[in-house]
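The structure appears below as structure tokens.
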Amino acid sequence: MAAFENIPAIRYEGAASENPLAFHFYDPERIVLGRKMSEHLPFAMSWWHTLGAAGTDMFGRDTADKSFGAEKGTMAHARAKVDAGFDFMQKLGIRYFCFHDVDLVPEADDIKETNRRLDEISDHILAKMNETGIKCLWGTANLFSNPRYMNGAGSTNSADVYCFAAAQVKKAIDLTVKFGGKAYLFWGGREGYETLLNTDVKFEQENIARLMHMAVDYARSLGFTGDFFIEPKPKEPMKHQYDYDAATAIGFLREYGLDKDFKLNIEANHATLAGHTFEHDLRIAGMNGMLGSIDANQGDPHLGWDTDEFPFDVYTATYCMLEVLRAGGLTGGFNFDAKCRRPSYTMEDLVESYILGMDTYALGLLNAEKIIKDGRLDAFVKERYASFESGIGKKIRDGNSTLVELAAYADTLGAPALPGSGKAEHLEAVVNQILFG
Ligand code: XLS
Ligand code: NI
Ligand code: NI
């Protein structure tokens, strides 16, 4: 029996519906700020969590059955995953997927054989894409699971391993181009260090940049016009990862001349691991014109690792959507880099998890619309900086002032007035009023 055979196509039934296999807030056709909800929210399925991960953790084995009726580790299984995945996406109305090379096929010892398998499976995937209209959001190479990457890929100490990484990147770019993917992504899971005692940080960062430049040159030579993404994460698996957060990744991209080709893929749980809110990293990316895509998940405030939960925190989704709308939308989409918790092992759990995530982001979008239309938050921020709209403030803003001039002005002030209340509590109350009033 096909894995999702008992699952109906998921439809919008509204907030009052008690049907768990229906959307309660995600109404794809609903117009929000002039666009369909589905256009605001291009959701994507993560191949690895959805079709691969089955609950294995440090202390126990799989709880879920992701065999999809075939023997794991075989090409028959790889094909069964494709068929189940497309059935799953169609039932949920998800229009994109994201993948790593090794999510698609079992990896062989010899990369030539792995690549042959990838050619075979990608023909099958492409046929499914053409049949269903489902598209590829981004592809990437897994440069962290295989033991050869224990010291990194672009940042490895071994030139041979570096070449192997290059080969995987080349093939993953080929696949992304074959699928017409919107973007190619780098997540530097092992691009970092365990101890400075054995690490040449500067050289490692230069080598990562060289790999990225070669990737851009290669993809462009194939006619790929999409974005490249870096997905920042501060730690896990490494103690320190070079793409620590949005600000660090942007600095790196500018330092090495990669900022014209790259944007950022911000993952909620990575931002919180870096000690930021999700909306902080979105703001930093957005204000630099580099907000490309989102890995939509959430962490657990009590656990210090990447739990990759499906997002249910509506405040966070609301602040996320505010940042996305203010940045003018995403060039990418919302990839559910998220997994069911280990005891939620049924296929129905998987479907309900996606419904939860999609409904949460729909709520976030609707709330962000309300906040924008209400206008009080925007008006407050504008007013807060009003002293820079005229007089000496305007001169500063226009870049027409000198330190001597400002000091002379300060001499005339006596004790300056306090800068005005920040009114954080008032603004939080306004948000609650807008959301629940
Ligand atoms: C791991 C990352 C990973 C990337 C893709 O923490 O989130 O899943 O999204 O390699
Ligand atoms: Ni992650
Ligand atoms: Ni991710």
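Couple of notes before you dig in:
- Taking the criterion of being assigned to a helix (DSSP H, G or I) and within 15 Å of Ala167 (Cα to Cα), the residues of region 100-116 that qualify are Asp101, Val102, Ile111, Lys112, Glu113, Thr114, Asn115, Arg116.
- Which numbered condition Ala127 fails, given (1) away from ligand 1 (no atom under 16 Å from the Cβ); (2) touching a residue at least 12 places away in the same chain (Cβ under 8 Å); (3) aliphatic (A, V, I, L, M): (2)
- Selected residue [crowded, with 16+ Cβ neighbours inside 10 Å, hydrophobic (A, V, I, L, M, F, W, C), outside any loop (DSSP other than H, G, I, E, B) and away from ligand 1 (no atom under 16 Å from the Cβ)] from Ala70, Ala84: Ala84
- Matching residues, region 394-412, being assigned to a loop (DSSP other than H, G, I, E, B), over 37 Å from the mean Cα position of the chain (by Cα) and closer than 25 Å to Val381 by Cα: Asn400, Ser401
- In region 117-160, the residue that is farthest from Gly192 (Cα to Cα) out of those that are assigned to a helix (DSSP H, G or I) and of a type in the set (D, E, K, R) is Glu131.
- Selection within region 180-218 - polar (S, T, N, Q) and part of a helix (DSSP H, G or I): Asn198, Gln205, Asn207
- Looking only at residues in region 262-306 that are more than 13 Å from the chain's Cα centre (by Cα) and aromatic (Phe, Trp, Tyr), the one that is farthest from Met358 (Cα to Cα) is Phe262.
- Taking helices (runs of 4 or more DSSP H) as the structural unit, those lying wholly within region 227-333 and holding at least 3 residues that are within 15 Å of ligand 1 (Cβ to nearest atom), of a type outside the set (A, V, I, L, M, F, W, C) and touching a strand residue (DSSP E or B) at 6+ places or on another chain (Cβ under 9 Å) correspond to 268-273.
- All conditions in (1) within 14 Å of ligand 2 (Cβ to nearest atom); (2) under 17 Å from Tyr26 (Cβ atoms) hold for Gly333, with the sole exception of (1).
- Test: residue in region 244-255 that is surrounded by fewer than 21 Cβ atoms within 10 Å (Cβ to Cβ), in contact with a helix residue (DSSP H, G or I) (Cβ under 9 Å, 6 or more places away or on another chain) and at negative phi: yes
- For region 285-322, the tally of residues that are among the charged types (D, E, K, R) and more than 16 Å from ligand 2 (Cβ to nearest atom) stands at 1.
- Considering Thr176, Thr156, the condition of being more than 16 Å from ligand 1 (Cβ to nearest atom) and β-branched (Val, Ile, Thr) is satisfied by Thr156 alone.
- Selection from region 23-74 of residues that are within 16 Å of ligand 2 (Cβ to nearest atom) and among the charged types (D, E, K, R): Asp57
- For region 87-122, a tally of residues being closer than 18 Å to Ala76 by Cβ and not polar (S, T, N, Q) returns 15.
- Meets criteria (in a loop (DSSP other than H, G, I, E, B), in contact with a strand residue (DSSP E or B) (Cβ under 9 Å, 6 or more places away or on another chain) and over 22 Å from Glu131 (Cα atoms)) for Asp27: yes
- Per the listing Gly14, Gly60, the residue uniquely within 22 Å of Thr307 (Cβ to Cβ) and exposed (fewer than 13 other Cβ atoms within 10 Å of the Cβ) is Gly60.
- Odd one out for Lys370, checked against (1) without any contact (Cβ under 8 Å) to a residue 60 or more places away in the chain; (2) more than 24 Å from the chain's Cα centre (by Cα); (3) assigned to a helix (DSSP H, G or I): (1)
Just so you know, all these numbers are worked out from the coordinates, no wet-lab data involved. The model shown is predicted, which means the values in this text are computed figures rather than measured ones. Cβ: placed from backbone, ideal geometry, glycine included. Neighbour counts: every protein chain shown.
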